[in-house]
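Below is one structure, written out as structure tokens; the observations come after it.
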Amino acid sequence: MGKTIFITGAGSGLGRGAALGLAKQGHRVIATTEITSQKTDLMREVREERGLDIEVFKLDITNERDRARIDNHDFDVFVANAAINEGGPLGEMPMDRFRAIFEVNVFATLESVQFAARKLVKKGKGKIVFLSSMAGIITTPYGGPYAATKHAIEGMALTLKDELEEFGVQVATINPGAYNTGFNDRAAEEKWKWYDGEKNFTRAEDMKKQEKGLKNQFDPEDMIEKMIEIIPADHHKFRTVHPEKTEKQMKETEKERWDMEI
């Protein structure tokens, strides 16, 4: 039996792919986008596919009026997918940029999830899925801003899991590895907008060396398939990491931290 699934940040990347894929599987999808141009583009693809049960509308999770629209919809699963990404050395990153990524990925995410929580608690059933990241568990140099927000997501999701369980509401995370959607590449570019080799102590060559890892990202279709499997499922692990290579890396990193010295 199909479910009604509400997805934020479905205008691009993994969220968009999952929204279309879930609809193709027979689920009713409420796909929201940050900006109107994304809505227009997604609606065009929905029309071309034909027969998909997808409702598309603009929902910027940082906008109070947009968030209020969540109350107008009934759904079984709420997927908190909307997020932004920006890289840079934490010791020097301008604080307005650090606050901006927290505003979207943490504060606005929780505010939107609170709407879903109230609705699902009233129903006595349902599921909230946070799109976290491998960065919610492990860190890399110059990826600290995003990692900090996803570590916060992990803490919120674990806490909500315990708080909402008695009301019949499930909470879970999906933690993708590095997938080639353009999301990580754009994040790597952002720091060069404010970085000044004459003023900043971080070496440009070190950051450029770290960026070379972006050449080895995974095919996003693989992650989208996993999301389509997990999002509507009634039972699965609290944390779904994909691919398995990334799951192994995350577990090894957590283990190593217990013996880490300075």
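Would it be correct to say that K226 is at negative phi and touching a residue at least 60 places away in the same chain (Cβ under 8 Å)? So K226 does not fit the description; no.
Out of all the residues in the range 31-65, which are out of contact with any strand residue (DSSP E or B) (no Cβ under 7 Å at 6 or more places or on another chain) and acidic (D, E)? First the steps, then the outcome.
Just the residues of the range 31-65 that are out of contact with any strand residue (DSSP E or B) (no Cβ under 7 Å at 6 or more places or on another chain), to begin with: 34, 37-38, 40-41, 44-45, 47-52, 60-65.
Those that are out of contact with any strand residue (DSSP E or B) (no Cβ under 7 Å at 6 or more places or on another chain) and acidic (D, E): E34, D41, E45, E48, E49, D60, E64.
Which ranges mark the helices (runs of 4 or more DSSP H) fully within the range 161-250 that have 1 or more residues being open to solvent by 20 Å² or more (accessible area, probe 1.4 Å) and farther than 24 Å from T149 by Cβ? Reasoning before the result, please.
Working: elements: 183-190, 204-211, 220-230.
In the range 161-250, 204-211, 220-230 are the helices (runs of 4 or more DSSP H) which contain 1 or more residues that are open to solvent by 20 Å² or more (accessible area, probe 1.4 Å) and farther than 24 Å from T149 by Cβ.
Select from the range 79-115 the residues that are part of a helix (DSSP H, G or I), within 16 Å of the chain's Cα centre (by Cα) and not aromatic (F, W, Y) and list them in ascending order. Within the range 79-115, A100, I101, E103, V104, N105, V106, A108, T109, L110, E111, S112, V113 meet the criteria.
The values are calculated or read from the model by the stated rules, or taken from the named source; none is laboratory data. Only a predicted model underlies this, so the values are computations on that prediction, with no experimental measurement involved. Backbone-built Cβ (ideal geometry, glycine too); neighbour counts: all protein chains shown. Just so you know, the surface numbers come from the protein's heavy atoms only, side chains and all, with ligands and any DNA or RNA stripped out. Shrake-Rupley method; radii C 1.70, N 1.55, O 1.52, S 1.80 Å.
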